[in-house]
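Engineer: Can you read through this structure? Questions will come right after.
The values are calculated or read from the model by the stated rules, or taken from the named source; none is laboratory data. Being a predicted model, the structure only gives us computed values, none of them experimental. For neighbour counting, all protein chains shown are included, and Cβ atoms are generated from backbone atoms with ideal geometry for every residue, glycine included.
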């Protein structure tokens, strides 16, 4: 009987963790955190880039709907180029649809529309819409009219605006672009630096007339 009790007690004692086992687990968690924590910002930004691409795909579908409805592409440039999807009635005027007209990586509070409580007033009427109403730049349709839409994959129609002044990008290293073909492209800061398009100290790709990339000069904020 004494032997049986001792064995049961031993099994009971071994059911817990020893100090060495606990320290080993803590060490493993520490190693994982060392490797994973620096990658968290990259993972978050990657998710935002993916969401941005989805928005631009939705806008492209909206522009195709616009052309089917009016037999032409929007005649306004800049943010109005795609803001007209709501003001014209192609898209229902709701916060859900209005949110598609801005890059999800940019905080709403940083935009002019963030100061307007009612989302139904963001893009309707269109005459008061400026570059501060979105974090996307639209085609400068007056300076660079599109001969056809859907059209060439070399003709940029919408892109991240990168705040327009070249001081900070919508994403940390990536600029997302929608082309007239419906394709979504990206520019990476590192690639542009390697090609000499940007110098090593420039970490933002300007979008608009002053852009170092030819196709992005065809876009405007206003």
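Engineer: Is region 104-117 home to any residue that is in contact with a helix residue (DSSP H, G or I) (Cβ under 7 Å, 6 or more places away or on another chain) and over 30 Å from residue 173 (Cβ atoms)?
Structural biologist: Within region 104-117 (the criterion being in contact with a helix residue (DSSP H, G or I) (Cβ under 7 Å, 6 or more places away or on another chain) and over 30 Å from residue 173 (Cβ atoms)), the answer is no, since none of the residues qualifies.
Engineer: Cβ contacts < 9 Å: first residue surrounded by 10 or more Cβ atoms within 10 Å (Cβ to Cβ), restricted to region 11-26; second residue modelled with pLDDT of 70 or more, any location; separation 6+ or different chain. Result?
Structural biologist: Short answer, once both residue conditions are applied: 17/25.
Engineer: Within region 85-98, is even one residue in contact with a strand residue (DSSP E or B) (Cβ under 7 Å, 6 or more places away or on another chain), assigned to a helix (DSSP H, G or I), under 30 Å from residue 156 (Cα atoms) and at pLDDT 80 or above?
Structural biologist: no
Engineer: Check 172, 217, 139 and return the single one that is over 20 Å from residue 55 (Cβ atoms) and surrounded by 16 or more Cβ atoms within 10 Å (Cβ to Cβ).
Structural biologist: Within the list 172, 217, 139, the selection yields 217.
Per-residue answers, yes or no, for (1) touching a strand residue (DSSP E or B) at 6+ places or on another chain (Cβ under 9 Å); (2) in contact (Cβ under 8 Å) with a residue 24 or more places away in the chain:
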| site | (1), (2) |
| --- | --- |
| 121 | no, no |
| 124 | no, yes |
| 139 | yes, yes |
| 144 | yes, yes |
| 154 | yes, yes |
| 157 | yes, yes |
| 177 | yes, yes |
| 203 | no, yes |
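Engineer: If you don't mind, there's one more thing I want to ask. Working only within region 60-79, note down all residues that are in contact (Cβ under 8 Å) with a residue 40 or more places away in the chain and either in contact with a strand residue (DSSP E or B) (Cβ under 7 Å, 6 or more places away or on another chain) or surrounded by fewer than 23 Cβ atoms within 10 Å (Cβ to Cβ) (or both).
Structural biologist: 60, 64, 67, 73, 75, 76, 77, 78, 79, listed by residue number.
Engineer: Can you name the number of the only condition in (1) crowded, with 17+ Cβ neighbours inside 10 Å; (2) within 30 Å of residue 152 (Cα to Cα) that residue 51 fails?
Structural biologist: (1)
Engineer: Also: Within region 156-187, which residues are in contact with a helix residue (DSSP H, G or I) (Cβ under 9 Å, 6 or more places away or on another chain) and more than 18 Å from residue 57 (Cα to Cα)?
Structural biologist: Across region 156-187, the qualifying residues are 163, 164, 169, 172, 173.
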